[in-house]
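Here is the structure we will look at.
The values are calculated or read from the model by the stated rules, or taken from the named source; none is laboratory data. Keep in mind the model is a prediction, meaning the values are calculated, not measured. In this analysis, Cβ positions are derived from the backbone assuming ideal geometry, glycine residues included, and neighbour counts consider all displayed protein chains.
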Amino acid sequence: MGTFIAVFIVLICVVVAMSVGVLFGGKPIAGSCGGMAALGMDTACDICAGDKQICEDENERIAREAQQAKRADLGYEIKK
């Protein structure tokens, strides 16, 4: 029983450490459509169905949203 409790505590510590890493990483969790091509695997993923333009458009949209969010953080509104 003591082994079970020790393993459970270690598992919880690992999950908490991973969660903290994701939270402080500053980068949202996202899948990649072009990742298979980078590995040399020329197959279609479920998202783009082999059309690389869809992946490029999605990556550009994400980059634009990140840039807009960064600009929004630079200013603030003063309320009287």
M36: passes all of (1) at pLDDT 65 or above; (2) surrounded by 10 or more Cβ atoms within 10 Å (Cβ to Cβ); (3) under 30 Å from K70 (Cα atoms) but (1)
Output for segment 51-65, where each listed residue is in a helix (DSSP H, G or I) and surrounded by 12 or more Cβ atoms within 10 Å (Cβ to Cβ): K52, I54, C55, E56, D57, E58, N59, I62
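Regarding segment 25-32, can at least one residue be identified that is modelled with pLDDT of 80 or more and exposed (fewer than 10 other Cβ atoms within 10 Å of the Cβ)?
No; the residues of segment 25-32 include none that is modelled with pLDDT of 80 or more and exposed (fewer than 10 other Cβ atoms within 10 Å of the Cβ).
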